[in-house]
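Structure first, then comments.
The values are calculated or read from the model by the stated rules, or taken from the named source; none is laboratory data. Keep in mind that what you see is a predicted model, and the values were worked out from it rather than measured. Note: ideal-geometry Cβ built from the backbone for every residue, glycine included; neighbour counts use all protein chains shown.
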Amino acid sequence: MKPRRGMAPTAYFWLLAAGAYFFIPLLATFLFSLKANATGKCCTAASYTWVIHNGDFWHTLKISVLLALETIVVSLLIFVPTIYWVHLKLPRLRPVVAFLALIPFVVPPIVMVVGLLDVYRGTPSWFYAQPWGFLVAAYVILAFPYMFFSLDAGFRSIDVHTLTEASQSLGASWPTTLLKVILPNIRAAALAASFLTLAIVMGEFTIANLAAFQTFPRFLQYVNESQAYPAAALTLMSFALTWGAMLSLLLVGRKRGTRAAVLTGAR
Amino acid sequence: MAPEALRPDVRSGRKRLSLAWLATIPFFAYTLLFLFLPAGSVLLGAFKGVHGGYTLANVRVLFDHPYVDAYKTSIEVSLVTALLGGLIGLATAYAALREGTPRWVRSIITTFSGVAANFGGIPLAFAFIATLGSIGVATQFLKNQLHIDLYGQGFTLFGKTGVEIVYLYFQLPLMILVIAPAIDGLRQEWREASSNLGASSWQFWRYVGLPVLMPSILGAIILLFGNAFAAYATAYSLTSGTVNLVPILIGAYYTGNVLDNPHLAQALAFGMFVVLAVMMMAYIPLQRRAARWAK
């Protein structure tokens, strides 16, 4: 067979077809977002100004960002010490932790929220009636697989034993070792896990909707139902958010060859 | 060097080991509280009666209308989008990775797939409403420029077909992401060898390419099935909660304040567990059969 010069015709076909399928909805949303609300005619930026001047937009966006930050902090507090300890002292426990951390990947969020609502109905209202309690508790579970895989890979790429011994023989306490020696070395992995968690929380609708908490995706849904053209502007902004989180992830992980990740919860 | 060599206490120190367990308690406690308790409550709740006691009534109701129809629609949508997404994704991934395709195309496709596989839910639903909805850009273009009236011919985005079209938007890139490493493993020499022996392109795929890829393809399709089966937000937003899918039905119990029998929602959730488990079970023998060819 002689070496091929240029692309195969079937390759052209499939790439163009897939490209069109992916590009057309984005283009259509953009064109839609430029239409005037009253007349449906092009072109105006009114939809974007509507979004920017909407109080609920900023309010729900703030809630979702804060929820994401809280979820990231809680997840890191749970996972960094656990994975550190498993790598340092309990290597035989690693498959168990990996298995448990993977479960949320196969349990549909809709099933998870049914169970959570059933178990925690009737708990104190500071937990059950607050997004900072109930919703974050659920989101930490959604973040489990991503936290585990990022951090586990991060810990595997450093020499935990030598770092710990060096730090302790210089007189550092356990918290100092963890914060000042280990954490800087797994910074990239922790950042990657955080970006993934941010993307999950900013897009999560299922649990927030069933538990009736006002988050950014629920605001999006509300606008979808009531304001067609501003909804297009919001959709693009939301895509940009996902895009940004995913690209930051790739940039952070470039050195370690991190593969792209697939999130649960948003669908 | 094994790390244990530096740390004799890892292997021999029993006292240290008993203390070492303590540090993992927060993780295991969290898993118990927010993963196992809720899962257990769904499994048990599915078999609880409204007035206490255990019953099979909730699960039996799943075989009546409209519940059994919801399962049928959910399974159908998941199968169709998994198979179509799998096939088109495979073709696209191969087109992007094969010899002759410039490297920049390849990196654009893989980067974009990594992002697009995560486009989902409310924004994705709206992007398609803006495209193929009744006043969508593509719908209007077809109507005004090409005189094809989609909605006049009975097409609607807001039903099962629409949900399938939209789901493909995240199924396809997911397939590309998952199958790309396997395609990279298909060696150029195999193609050349079969071509030298006089095989056509079809024969190469029939006897070499597909058998080698089959275990990965099956695994990816199971993943895609689960991905579509669990989806809620996209279909809810697209159809305003009117399409009869199992997740939508469960959701309606909680958002619509019609919770006369909470155990029915749990039974529906339990049914989802069962369908996913059956898919996994079916995957194991299929995978074993397919893996035989890979040797």
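So here's what we get for this one:
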{"read-out": "Single match in B:Thr111, B:Thr161 (criterion: among the polar types (S, T, N, Q), at pLDDT below 90 and not in a loop (DSSP other than H, G, I, E, B))", "value": "B:Thr111"}
{"read-out": "Region A:158-199, residues that are outside any helix (DSSP H, G or I) and under 23 Å from A:Ser75 (Cβ atoms)", "value": "A:Ile158, A:Ile186"}
{"read-out": "Filter result (more than 7 Å from chain A (Cβ to nearest Cβ) and basic (Lys, Arg)) within region B:78-121", "value": "B:Arg103, B:Arg106"}
{"read-out": "Region B:230-246, residues that are outside any loop (DSSP other than H, G, I, E, B) and surrounded by 24 or more Cβ atoms within 10 Å (Cβ to Cβ)", "value": "B:Ala230, B:Ala233, B:Thr234, B:Ala235, B:Tyr236, B:Ser237, B:Leu238, B:Val246"}
{"read-out": "Matching option when the condition is in a helix (DSSP H, G or I), within 25 Å of B:Val68 (Cβ to Cβ) and in contact (Cβ under 8 Å) with a residue 60 or more places away in the chain, among B:Leu249, B:Leu213, B:Leu218, B:Leu172", "value": "B:Leu249"}
{"read-out": "Failed item, numbered, when A:Ser75 is tested on (1) at pLDDT below 90; (2) surrounded by 20 or more Cβ atoms within 10 Å (Cβ to Cβ); (3) in contact with a Ser or Thr (Cβ under 8 Å, 6 or more places away or on another chain)", "value": "(1)"}
{"read-out": "Per-region count, region A:55-97, residues among the aromatic types (Phe, Trp, Tyr) and more than 9 Å from every other protein chain (Cβ to nearest Cβ)", "value": "2"}
{"read-out": "Yes/no for B:Gly219 being closer than 27 Å to B:Val166 by Cβ and of a type in the set (Gly, Ala, Ser)", "value": "yes"}
{"read-out": "Yes/no for A:Leu151 being under 19 Å from the mean Cα position of the chain (by Cα), at pLDDT 90 or above and either among the β-branched types (Val, Ile, Thr) or over 30 Å from A:Trp50 (Cα atoms) (or both)", "value": "yes"}
{"read-out": "Candidate set: region B:21-50, residues that are touching a strand residue (DSSP E or B) at 6+ places or on another chain (Cβ under 9 Å) and either within 9 Å of chain A (Cβ to nearest Cβ) or crowded, with 16+ Cβ neighbours inside 10 Å (or both); chosen: the one nearest to B:Ala267 (Cα to Cα)", "value": "B:Phe47"}
{"read-out": "Residue check for A:Asp118: buried (at least 19 other Cβ atoms within 10 Å of the Cβ) and at pLDDT below 90", "value": "yes"}
{"read-out": "Residue check, B:Ser201 in contact with a Phe, Trp or Tyr (Cβ under 7 Å, 6 or more places away or on another chain), among the small types (Gly, Ala, Ser), within 12 Å of chain A (Cβ to nearest Cβ) and more than 25 Å from A:Phe23 (Cα to Cα)", "value": "no"}
{"read-out": "Qualifying residue in region B:53-63 (condition: within 14 Å of chain A (Cβ to nearest Cβ) and free of Cβ contacts under 8 Å to residues at least 12 places away in the same chain)", "value": "no"}
{"read-out": "Region B:93-114: number of residues that are closer than 30 Å to A:Leu234 by Cα, out of contact with any Pro (no Cβ under 6 Å at 6 or more places or on another chain) and touching a residue at least 12 places away in the same chain (Cβ under 8 Å)", "value": "4"}
